[in-house]
Amino acid sequence: MTLGVLDNVDLAERFAASCTLMRGKQMKFQMKKTAFVVLCALFSATAVSENIKSATQEQPLISDHQSESVSVFESAVYGDLFGTPEMRSIFSDKAMVNQWIKAEVALAKAQAEVGIIPVEAYESIAKAGDNLTIDYAELKAGTNKVGRGISSLVAQFKQAGDENVSDYLHFGSTTQDIMDTATAVQVHEGIQLIRADLVKLVNQLADMADEHKQTVMLARSNGQDAIPTTFGLHLTTYMMELARNIDRLDEAASRITVQVGSTVGTLAPYGDKGLALQQAYADEIGLNAPIAPWNPSRDVFAEAVQTLAMVNATLGRVADDVNNLSRTQVNELQEGEGGASSTMPQKRNPRASEFMGGFYRMGKMYNAAALDMMSHTDARQGSPWILEWSVVPESFMVTSASIDRAQRMFAKLIVNEAQMRENFGTANHYAMSESLMNHLTDELGRSEAYKLVKSAIKTSSPEDTLLDVIENNPSINQHLSEQEIAEIMEPSNYLGSSVQIVDRSVEYVRNKY
């Protein structure tokens, strides 16, 4: 509770009065002196409080709506972490309602073109749409009552127009026609935005892979040292995986269509002009026309969500790798924009990797929900449809955020090439064991060479390096010259076709995207 100035004075006076009950004039004087100091402090605190309150009132940082938000997507604190402004502009309330309006106007235009409604009616509807100012409080109230927003939108639309609008707006259509078409446009736009961001990311990875195609590092499998590879080759695995997801998004986008079929997809209100209407409507919206109604068939939206989940899964793998390779004991990578610890001065936390890993887990959750989106019964059903209203936009939001994190992370990623080389020695060079075995295979055969090297390593001391194993085992070193041993121990000599694979992958991405 904030204390006012009068409250402060009263409190101080009562505090001083209580001092008179104490024995001794000196004690009374000291206590009154203390009361005066307290009074001054309280006046000062009140003044500061009032100044802060005034400044806050002049420049509110959090709106009333945001202060009541329970969603990270709408949070004034967390919101910017869970989606890009560009993606938010596609799936915001304003964008959604604008798509509803565009869908209604486009439907009227298509109906006029094929002779279902008068041209004058379309012109009135288009004019009303241009002049329509949405009362969001009324729209919210109507939506709360009906469970859908289209009825309230149509009512406001008709209020903004003439008799033609009242007679012909939403003619023969159903709420799902409008909402599905609007969502289809949003999903298509969202895919194009994700695609553009992925193209930037795969080309960014192509540049890095090219730069590091000969940067030797330890490959690891099941958490253990394997054999040498290059950092560039490892980057190509991310690059090509994301490139395939671009192709999947293109395929998903090609299957997005408008929705117009009236109540259950029969087009009955439009007589023999229904199919012509579908095509005219699709042309006006800028999407494909459906071959058959898809009121209960939600596979296309599910496909989009699940493809986004795959993108997030790839970026989740990237995040895990960066996180593991930035461990203190490994120290091969570091995020250039790591987050500081509030208590440990030495730490630079891999914050981008942390969020990308979190977004992957959210994407996995949406991936499962996408299957529930498909669980319609009969000609259509409301329950699984409602699920889309949350899953679809949120899926696009987290994917946009994850790609943005990845782009910024790779732009400032610190690659510790010296440490990558050093870690071969830290691991006693056992990553060169396969190279040793293959050198012995020509003389001993593959099976015998494998047994010999495995046995020698197994019986060696914990502190022995692979070079010690070779030098301490005549059964091995008798088959090798000093030059051959030196070649075996050099990681860059055992990279196979790594450089050529990177060159081929980079060329493919640059030519295609």
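Here are the numbers for the structure shown:
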quantity	calculated
Relative contact order (%) - criterion: Cα under 8 Å, at least six apart; region: the stretch 175-422	22 percent
Over 24 Å (Cα to Cα) - which of Lys109/Lys145; Lys200/Lys412; Lys102/Lys273; Lys94/Lys412; Lys102/Lys140; Lys213/Lys512 fall in this group	Lys109/Lys145; Lys94/Lys412
Ser254-Gln419 FRET efficiency (beta carbon distance; Förster radius 41 Å; 0.05 resolution)	0.35
Estimated distance in nm for a label pair at Asn438 and Ala76, the labels positioned 7 Å out from Cα along Cα-to-Cβ	6.2 nm
Value of relative contact order over the stretch 427-503, rounded to a whole percent, pairs C-alpha under 8 Å and six or more apart	35 percent
Extension gain (nm, one decimal) between Asn493 and Leu371, 0.36 nm per residue minus Cα-Cα	39.0 nm
For the stretch 163-211 versus the stretch 274-303, the gap between their alpha-carbon centres in whole angstrom	14 Å
Rounded FRET efficiency, nearest 0.05, which uses the C-beta distance separating Gln500 from Gln478 and R0 of 30 Å	0.30
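Each value in this text was obtained by applying a stated rule to the coordinates, not by laboratory testing. These numbers come from a predicted model, not from an experiment. Ideal geometry is used to build each Cβ from the backbone, glycine not excepted, and the neighbour counts take in all protein chains shown.
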